[in-house]
């Protein structure tokens, strides 16, 4: 088995670049950090090129024959390539899915979709994807300005739910129009005089729900396209809700 200990190693430098979208695109790979994500990827039959593992982790896993290639790395290398403060010491180099000419083709539109408009925080994105998974949604669409699906912190925050539903990157305007062309309503999230309380909405089995940027909310363009914009009544003195919390309330509230 090959062993790599130096941060100056050419492979280590390449793995570090997988934290950037440009690096992932150039190498055709993305990084999965930790046993939970690696095991979930294996269950989902994700194409894994190489497993990177420290000596400590190697000692606890006697059978790794199902991985095509193994490289032992030092704890220093593990810390260097990880986006976490205390990495577990195991990583998978997963093959980046090839770009699809039309990301809106062959989608499951029989159940709801969550649409993320310029959402920036990886933790919020991960929470929303996991909640969409738990709520039974078909998928999550990452719109323009939203953090990349395969950004390491996003991958980690999704905690394996990314392998349970469909995730696409697309222009949300096109997706909204596609849903509406098939008679599926699209709900926005904004507090204004025309907005409806979400509890008053009887949503069908399939719809779109748009959640906007943490600070600025949804774009004006998307707000103008939605069938109805919704708000969550706040009974206490808080001015607003975190976008991931709001998304969870709306997803479970609408898809009953």
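A short reminder: the numbers here are calculations on the coordinates, not readings from a lab. Not measured: the values here are computed from a predicted model. Every residue, glycine as well, gets a Cβ built from its backbone with ideal geometry; the counts of neighbours run over all protein chains shown.
For each of 6, 206, count neighbouring Cβ atoms within 10 Å of the residue's Cβ, then give the residues from fewest to most.
6, 206
With angles folded into 0 to 90 degrees, how steeply does helix 243-254 sit against the dominant principal axis of the chain? Use alpha carbons for both and round to 10.
With both axes taken from Cα atoms, the answer is about 60 degrees.
Let's test the formula: R0 of 45 Å, r as the Cβ-Cβ distance of residue 17 and residue 201. What FRET efficiency results, to the nearest 0.05? Don't skip to the answer; put the middle values down first.
On the way: r = 45 Å, r/R0 = 1.00.
Computed FRET efficiency for residue 17 and residue 201: 0.50.
Does the range 4-127 come out rounded, prolate or oblate by the C-alpha gyration tensor, with a ≥ b ≥ c the root eigenvalues, rounded set by a/c under 1.5 and, if not, prolate when a/b is larger than b/c and oblate if not? Walk me through the intermediate numbers first.
Numbers: a/c = 1.89, a/b = 1.65, b/c = 1.14.
Since a/c reaches 1.5 and a/b is larger than b/c, the shape of the range 4-127 is classed as prolate.
For the range 113-254, what does the relative contact order come out to in percent, with C-alpha contacts under 8 Å and a separation of six or more?
On the way: 258 pairs, mean separation 41.2, N = 142.
With pairs under 8 Å counted, the relative contact order is 29 percent.
Let me have the 222 nm mean residue ellipticity of the chain computed from DSSP H runs of 4+ only, each contributing -39500 (n - 2.57), with the sum over all residues rounded to the nearest 500.
-9000 deg cm²/dmol
Can you give me the C-alpha center-to-center distance between the range 97-135 and the range 1-18, rounded to a whole angstrom?
So the two Cα centres are separated by 32 Å.
Relative contact order for the chain: what percent, with Cα pairs under 8 Å and sequence separation of 6 or more? Could you put the intermediate results ahead of the total?
Details: 477 pairs, mean separation 47.9, N = 256.
This gives 19 percent for the chain.
When 256, 24 are ordered from fewest to most other Cβ atoms inside 10 Å of their Cβ, what list results? Can you show the working numbers first?
Details: 256 8, 24 21.
Lowest to highest Cβ neighbour count: 256, 24.
Give me the tail of P(r) for the range 210-255 as a percent: Cα-Cα pairs with distance above 16 Å. Display every interim value, and only then the final one.
On the way: 447 of 1035 pairs.
Beyond 16 Å sits 43 percent of the P(r) for the range 210-255.
Arrange the following residues from fewest to most other Cβ atoms within 10 Å of their Cβ: 102, 117, 108. Walk me through the numbers before you get to the answer.
Values: 102 9, 117 25, 108 12.
Starting with the residue having the fewest Cβ neighbours, the order is 102, 108, 117.
Compute the distance in nm between two label points, each set 7 Å from the Cα along the Cα-to-Cβ direction, one at residue 75 and one at residue 182.
5.1
Mind checking the angle between helix 172-181 and the chain's longest principal axis? C-alpha axes, 0 to 90 degrees, to the nearest 10.
50
Return the FRET efficiency for the residue pair residue 104, residue 256: r is the Cβ-Cβ distance, R0 is 30 Å, and the value is rounded to the nearest 0.05.
Details: r = 26 Å, r/R0 = 0.88.
It comes out at approximately 0.70.
Using alpha-carbon pairs under 8 Å, 6+ residues apart, how would you state the relative contact order of the range 2-95 in percent?
43
Between residue 228 and residue 49, how high is the FRET efficiency from 1/(1 + (r/R0)^6) when r is the Cβ-Cβ distance and R₀ = 41 Å? Nearest 0.05. All intermediate terms of the calculation are to be shown ahead of the outcome.
Values: r = 45 Å, r/R0 = 1.11.
Given R0 = 41 Å and the Cβ-Cβ separation, E is 0.35.
Under 14 Å from a point 7 Å along the Cα-to-Cβ line of residue 2: which residues of the range 77-114 have their amide N that close?
Only 93 pass the distance filter.
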